[in-house]
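Colleague: Structure incoming, see below.
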Amino acid sequence: MALACIGYQKRAVPTRIRHRSISPSTPETPNSSVTKEEEEIDYSPSVEQQTDGTKLQRKLRLMVKEMRDIQGKYSNALKSWSKKWTSAFEQNTSSLVHYETTKQMFVSLSSIGNELAKNIDHSHRQLRHVSKLIPTEEQYPSRESQLQKARTAVNSVRSDLIEYEKELKELKRSLNRIKDQLRDPSSNKVEQSKWKSERKSVEDSIEQMKDNVEYATKMCERAEKQYHKDTVAIFEKSQEDELQRLNSLRDTLKAFLDALDVKHDSWQEAIEKHNPKQDLKVWKRTFFPSLIRLTNTH
């Protein structure tokens, strides 16, 4: 999923920055998304959900493969069984030498293994197609990578903001030290002049840095809003993916039963009662009870 990221280039200090056009009369009050990062939605359950879904796919793929392996061995065993007993009864054994119709009966029925093997071989071939119905891991993009990518823009501007705030504090400390020097009665006029000049320079730098902090704060707020928008979109798409995955698993199991050509009311009922939308609603209520409305599951 393509994510809209906010372009922001770090500005060198102490270059003066004026971006009043963003918010001309807005006071410098950081957005709650900047000051309360701990309130950010935890999407880790969604990442774990995808991991669990992938595990289900792999288990189903292994389940079908094991059945095919069993069928292959069983088919070979049945063929060997028929070959063994057909050969045994076709020989002129003393017990059947005078019983021609009895001999034909045994020879005919001993071929039942070959007939059973034909049905199993057909089912075996069908299961090969069933395996292809199971979605691959590559079909669904990594949710964790998408969330990390969405966070990149926020981390970048937040890092700049932290750096600017740190440098602003250092400038203020430097200004306090200069003021202390100016209050020193032992300093002469030359020294006083030098400190006053440095004070003016530092005060200018402080104003410049305040502009940097103000601008970076606004960029942080904007990046946080975009991040929230992107992550909600990622989450909603993830639930569409999970719904598709669960439906595909059900369809695979239905094809699995059809390939085996076995009928059982409880098996068919279990498939018919499968409700992936309801399962996803229960999952959402457990991990995201009031944060996000899953529109795709209604």
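The values are calculated or read from the model by the stated rules, or taken from the named source; none is laboratory data. From a predicted model like this one, the values you see are computed outputs, not experimental measurements. Here the Cβ positions follow ideal geometry from the backbone for every residue, glycine too, while neighbour counts run over all protein chains shown.
Colleague: With the requirement that a residue be part of a helix (DSSP H, G or I) and either without any contact (Cβ under 8 Å) to a residue 12 or more places away in the chain or over 20 Å from residue 63 (Cβ atoms) (or both), what does region 245-272 give you? Write out each step before concluding.
Modeller: Just the residues of region 245-272 that are part of a helix (DSSP H, G or I), to begin with: 245-260, 265-272.
Those that are part of a helix (DSSP H, G or I) and either without any contact (Cβ under 8 Å) to a residue 12 or more places away in the chain or over 20 Å from residue 63 (Cβ atoms) (or both): 265, 266, 267, 268, 269, 270, 272.
Colleague: Now for a separate question. Please go through region 111-136 and pick out each residue that is touching a Lys or Arg at 6+ places or on another chain (Cβ under 8 Å) and more than 20 Å from residue 67 (Cβ to Cβ). Quick ask: steps written out before the conclusion?
Modeller: Step one: of region 111-136, the residues touching a Lys or Arg at 6+ places or on another chain (Cβ under 8 Å) are 113-114, 117, 124, 127-128, 131, 134-135.
Result: 114, single match.
Colleague: Being touching a residue at least 60 places away in the same chain (Cβ under 8 Å), closer than 30 Å to residue 56 by Cβ and crowded, with 19+ Cβ neighbours inside 10 Å narrows it down to one of 133, 147, 161, so name that one.
Modeller: Details: 133 fails: crowded, with 19+ Cβ neighbours inside 10 Å; 161 fails: closer than 30 Å to residue 56 by Cβ.
After applying the criteria, what remains is 147.
Colleague: Checking residue 87 against (1) of a type in the set (Gly, Ala, Ser); (2) surrounded by 12 or more Cβ atoms within 10 Å (Cβ to Cβ); (3) within 30 Å of residue 121 (Cβ to Cβ), which test does it fail?
Modeller: Only one criterion is unmet by residue 87, namely (2).
Colleague: Picking from 213, 232, which residue would you name as being surrounded by 14 or more Cβ atoms within 10 Å (Cβ to Cβ), under 36 Å from the mean Cα position of the chain (by Cα) and modelled with pLDDT of 95 or more? Even if it seems obvious, please write down each step before you answer.
Modeller: Working: 232 fails: modelled with pLDDT of 95 or more.
None of the other options fit; the residue is 213.
Colleague: Of the conditions (1) free of Cβ contacts under 8 Å to residues at least 12 places away in the same chain; (2) exposed (fewer than 14 other Cβ atoms within 10 Å of the Cβ), residue 96 satisfies every one except a single condition; which number is it?
Modeller: Going through (1) free of Cβ contacts under 8 Å to residues at least 12 places away in the same chain; (2) exposed (fewer than 14 other Cβ atoms within 10 Å of the Cβ) one by one, residue 96 breaks only (2).
Colleague: Filter region 274-292 for residues that are outside any helix (DSSP H, G or I) and either surrounded by 12 or more Cβ atoms within 10 Å (Cβ to Cβ) or at pLDDT 95 or above (or both) and give the result. Explain how you work it out, then say what you get.
Modeller: Start the filter on region 274-292 by keeping residues that are outside any helix (DSSP H, G or I), which leaves 274-275, 288-292.
Scanning region 274-292 gives 274, 275, 288, 291, 292.
Colleague: Additional query: Let me confirm something: among 94, 87, which residue is more than 45 Å from the chain's Cα centre (by Cα), part of a helix (DSSP H, G or I) and not aromatic (Phe, Trp, Tyr)?
Modeller: Working: 94 fails: part of a helix (DSSP H, G or I).
None of the other options fit; the residue is 87.
Colleague: Looking at region 176-198, which of its residues are buried (at least 17 other Cβ atoms within 10 Å of the Cβ) and closer than 30 Å to residue 159 by Cα?
Modeller: Of everything in region 176-198, just one residue is buried (at least 17 other Cβ atoms within 10 Å of the Cβ) and closer than 30 Å to residue 159 by Cα, namely 178.
Colleague: Could I ask something else about it? Mind telling me which of the residues 203, 240, 170, 207 ends up being acidic (Asp, Glu), surrounded by fewer than 19 Cβ atoms within 10 Å (Cβ to Cβ) and under 30 Å from residue 278 (Cα atoms)? Steps first, answer last, please.
Modeller: Details: 203 fails: under 30 Å from residue 278 (Cα atoms); 170 fails: under 30 Å from residue 278 (Cα atoms); 207 fails: under 30 Å from residue 278 (Cα atoms).
Step by step, each of 203, 240, 170, 207 is checked, and only 240 is acidic (Asp, Glu), surrounded by fewer than 19 Cβ atoms within 10 Å (Cβ to Cβ) and under 30 Å from residue 278 (Cα atoms).
Colleague: Let me ask another. Does residue 213 fit the bill of being touching an Asp or Glu at 6+ places or on another chain (Cβ under 8 Å), in contact (Cβ under 8 Å) with a residue 12 or more places away in the chain and over 30 Å from residue 64 (Cβ atoms)? Can you show your working first?
Modeller: Details: touching an Asp or Glu at 6+ places or on another chain (Cβ under 8 Å): yes; in contact (Cβ under 8 Å) with a residue 12 or more places away in the chain: yes; over 30 Å from residue 64 (Cβ atoms): yes.
The answer is yes for residue 213.
Colleague: Looking at this structure, is residue 198 over 36 Å from the mean Cα position of the chain (by Cα) and modelled with pLDDT under 95? Lay out the reasoning, then the answer.
Modeller: Details: over 36 Å from the mean Cα position of the chain (by Cα): yes; modelled with pLDDT under 95: yes.
When the stated conditions are applied, residue 198 passes them.
Colleague: Give the residue that is farthest from the chain's Cα centre (by Cα), with candidates limited to residues of region 117-156 that are under 17 Å from residue 41 (Cβ atoms) and among the small types (Gly, Ala, Ser).
Modeller: Selected residue: 153.
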